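The values are calculated or read from the model by the stated rules, or taken from the named source; none is laboratory data. Since we're looking at a predicted model, the values are computed, not measured. In this analysis, Cβ positions are derived from the backbone assuming ideal geometry, glycine residues included, and neighbour counts consider all displayed protein chains. Only protein heavy atoms, including side chains, enter the accessible area calculation; ligands, DNA and RNA are left aside. Shrake-Rupley method; radii C 1.70, N 1.55, O 1.52, S 1.80 Å.
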Amino acid sequence: VIDATSLGWGTRVKGFIACFAIGCLCSLLGSCLLWVPRKGLTLFAVFYTLGNIASIGSTLFLMGPMKQLKRMFEPTRLIATIVMLVSI
């Protein structure tokens, strides 16, 4: 099962770059949409949140989901993780 689901290093890097680029694009788009009258704040919130989630999710390609979660909830990173999740 592990061999069938694991990705090669090149595929991981490509996935990271693609997901990170999409995250940056969504965040930038959200910042630009902030100036749209009436709906701007809502569009900003949606796109900026999606951008942050995609950017954080991009590291899943490099580390793997379980290792990512274990590192995020280490005692030295716990407060930062909680603040980031609450902010999203």
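If I filter the stretch 32-46 for residues that are in contact (Cβ under 8 Å) with a residue 12 or more places away in the chain, more than 30 Å from Ser6 (Cβ to Cβ) and open to solvent by 90 Å² or more (accessible area, probe 1.4 Å), do I get at least one hit? The answer is no, given that none of the residues of the stretch 32-46 is in contact (Cβ under 8 Å) with a residue 12 or more places away in the chain, more than 30 Å from Ser6 (Cβ to Cβ) and open to solvent by 90 Å² or more (accessible area, probe 1.4 Å). Residues considered: Cys19, Cys26. Of these, the only one that is in a helix (DSSP H, G or I), touching a Leu at 6+ places or on another chain (Cβ under 9 Å) and under 26 Å from Ser6 (Cβ atoms) is Cys19. Report whether or not Phe73 is open to solvent by 60 Å² or more (accessible area, probe 1.4 Å), of a type outside the set (A, V, I, L, M), in contact (Cβ under 8 Å) with a residue 12 or more places away in the chain and out of contact with any Cys (no Cβ under 8 Å at 6 or more places or on another chain). No; evaluated as a whole, the condition is false for this residue.
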